[in-house]
Each structure stands twice: as structure tokens, then as C-alpha cells.
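The values are calculated or read from the model by the stated rules, or taken from the named source; none is laboratory data. Please read all numbers here as calculations on a predicted model, not as lab measurements. Cβ atoms come from the backbone with ideal geometry, glycine included; neighbour counts cover every protein chain shown.
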Amino acid sequence: MDRVRRKIALSSLAALVVVGILGGLFFQTVAFQSTNVSGTSSTSKIPTAFKIEFFTNVAMTNRIRNGRAVEGSAVYVNLILVDAQGNPVRYRGSGLLEVTVSVSHGLLSATNVYISPGYSSTGKSFGPIQWVLPSSAGLRISINSSASFDGHLIFGKASLSTVA
């Protein structure tokens, strides 16, 4: 009798694991959608990282491309979910995706920000994150971001140099 119970229990456990794995794969496939360069949706992908963009204005139209920013100034940050090829990935979860942000120096307007379903970035759903830089030239400063969705950790890191 104990052998029969063990076999039934193991069979039930194996069935739950298979259903859980298949259900998880299905959920991950529909939870994120990748957008290719032309702006049309391609096959669904899971994000692998955050791409971090810096701007000199709150409207996020003047991008910082050289990796340098004026000491003591405000920089506006946009965090973008991207797949392994660097394509933006729209968040397709049912609730908000919480993103934790930290910096090595300076002050952030928010350390917990969100990406709403249907969006790929904090700039479009939450708004720009203001980063007030330290008042010292010659520093190499960094920003880190992280989030967890369905058991997957997503990270991003970028840096700037402060100039006079």
C-alpha cells in the first residue's frame, strides 16, 4: 500500500512539475513582446537587461552621447527593457514592474520606479528619473538598475564622468 501511495505521489508531483514548467514557458512567452527597429512587433522575447540612457533635459530630447556630464548638474535617466539583441521589449505583465535604482554618487529623484504593462521604459510609463550629480569634476560615477519578473533578474549598469 505504501508503494502505491509513493508512486501516485511521485506521478502527481511529476505532472505538477511539467504543468508548472509548460505554464511558466507559456506565461514568459506572452508576458514580453519585442519591438524591432522598424517599430513593429517581432517574436516574443524575455528581457535580459536594462539599457540606460542619459539626457540633459526633462523632456528627454537632448541625449548625452559622450559619457560626460557637468558637475553638479541634473541628468535625466531612462531605463529601457531590452532583449539579448538590444531590442526594446514591451512589458506584458498584469501589474507594474518595479525597478530598483541606485547610484554611486549624487542624488536620485526616485529609487523605486515602475514600468507599466505595454511599455518598454520608465521614461514613457513612470517618467524621467532625475539624477543630481556631485559637485566635483573628474569623477567616474555609476547608476545601477534591477528588477525581477517571473523569477528572472534583469540588471543594468551605466556610468558617466563629471566635467567642469
Subset of segment 54-64 (residues that are closer than 19 Å to Val82 by Cα and either without any contact (Cβ under 8 Å) to a residue 40 or more places away in the chain or among the polar types (S, T, N, Q) (or both)): Arg63
Hits in segment 41-69 - residues which are of a type in the set (D, E, K, R), over 18 Å from Ser145 (Cα atoms) and assigned to a strand (DSSP E or B): Arg63, Arg68
Filtered residue count, segment 126-164, keeping only those that are in contact with a Pro (Cβ under 9 Å, 6 or more places away or on another chain) and either within 18 Å of Asn78 (Cβ to Cβ) or without any contact (Cβ under 8 Å) to a residue 12 or more places away in the chain (or both): 3
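So which of Gly72, Gly138, Gly118 is at pLDDT below 95 and either assigned to a loop (DSSP other than H, G, I, E, B) or over 12 Å from the mean Cα position of the chain (by Cα) (or both)?
Matching residue, one of Gly72, Gly138, Gly118: Gly118.
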Residues (part of a loop (DSSP other than H, G, I, E, B) and over 23 Å from Arg63 (Cβ atoms)) located in segment 85-97: Arg92, Gly93, Ser94, Gly95, Leu96
